[in-house]
1. Note down all Cβ pairs under 8 Å where the first residue falls in the range 26-51 and is in a helix (DSSP H, G or I), the second is at pLDDT 80 or above and hydroxyl-bearing (Ser, Thr, Tyr), and they're at least six residues apart or on different chains.
2. Select from the range 24-40 the residues that are surrounded by 14 or more Cβ atoms within 10 Å (Cβ to Cβ) and either modelled with pLDDT of 80 or more or touching an Asp or Glu at 6+ places or on another chain (Cβ under 9 Å) (or both) and list them in ascending order.
3. When the residues of the range 112-129 are filtered to those that are of a type in the set (S, T, N, Q) and touching a residue at least 40 places away in the same chain (Cβ under 8 Å), which remaining residue is nearest to residue 142 (Cα to Cα)?
4. Here are 16, 7, 62: which of them is surrounded by fewer than 16 Cβ atoms within 10 Å (Cβ to Cβ) and either closer than 30 Å to residue 246 by Cα or touching a Cys at 6+ places or on another chain (Cβ under 6 Å) (or both)?
5. Taking the residues in the range 65-99 that are surrounded by 18 or more Cβ atoms within 10 Å (Cβ to Cβ) and more than 25 Å from residue 122 (Cβ to Cβ) as candidates, determine which candidate is farthest from the chain's Cα centre (by Cα).
6. Identify all residues within the range 52-67 that are closer than 20 Å to residue 218 by Cα, modelled with pLDDT of 75 or more and either of a type in the set (Ser, Thr, Tyr) or part of a helix (DSSP H, G or I) (or both); write none if there are none.
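The values are calculated or read from the model by the stated rules, or taken from the named source; none is laboratory data. Just so it is clear, the structure is predicted and the values come from calculations on it, not from any experiment. Here the Cβ positions follow ideal geometry from the backbone for every residue, glycine too, while neighbour counts run over all protein chains shown.
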Amino acid sequence: MKEGITDIFASIARRDIWLHFAISDTKARYARSTLGPWWITLGTALGVIGLGLVWSAVMKVDLHVMLPNLAVGLVLWFMISGIISESSNCFTNQSAIIRNYPLPLSLHTLRLLSKHLINFSHNISIVIVVFFIYGFPSFVNFGWALLGFLLVVLNLWWISLLISTLGARFRDLGPSIDALMPILFFLTPILYKKSDVVSAAAWFQYNPIATLFSLVKNPLLSLPITPVDYANMAILGLLGWVLAIVVFGRHKKHIVFWI
């Protein structure tokens, strides 16, 4: 466990490396394109408008209610699903660097996390435009959403570290996660609100991804804020970090042979 903690702190200290890699990954993906990373934002915006028009008619929900819900939900989903999906191949994709350079291994999870946070920072402009049209949340609600987003990122980091470690050993983990993501999409309050489902399916409240979503969505959409959910996700994060550090610290020396 001590070895895992040491590696994580060493990774945080090398911000110059993982942040540079994350920015380079974003630039390389859209090299020589006119809009660059803003293509991500354009695609997300079209998704929000398209799904908003369709689902507002299907579910008979006013567009001024559906669009803010979709804007926040899709932007969060693309970040969360992207990090979870890519984590299974995180160490494998960086095998050349891991074999040839004595860098902290968890640095690569920070690189992955930062890349998706950069994409998220572009997509957040969609939410700002939607709120500009339909109204911004209160300053207090924005503070709750910011706290919720911090808990989301902290939980995503340990999830990424754990999946990256297991994915280096078990190559079937990646396809398994890819197969589960569409199901998780519909089990997550993106096209609807968590309160719409919990009354009909009590088990839904035990979906941690749905609860993480509510930490950010509820304050931004002026829905009821449940402080207990914040405490539960903080506890989940603490337990998750202990599990991830134990697994990563125990198998860190094996990863270079697995990849």
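1. 41/125
2. Passing the criteria: 25, 26.
3. Initial filter on the range 112-129 (of a type in the set (S, T, N, Q)): 114, 119, 121, 123, 125.
If we keep only those that are touching a residue at least 40 places away in the same chain (Cβ under 8 Å) as well, we get 114, 119, 123, 125.
Values: 114: 22, 119: 21, 123: 17, 125: 15 Å.
That would be 125.
4. None of the others qualify; the one that does is 16.
5. Applying the filter and picking the extreme gives 98.
6. Matches in the range 52-67: 52, 56, 63, 64, 65, 66, 67.
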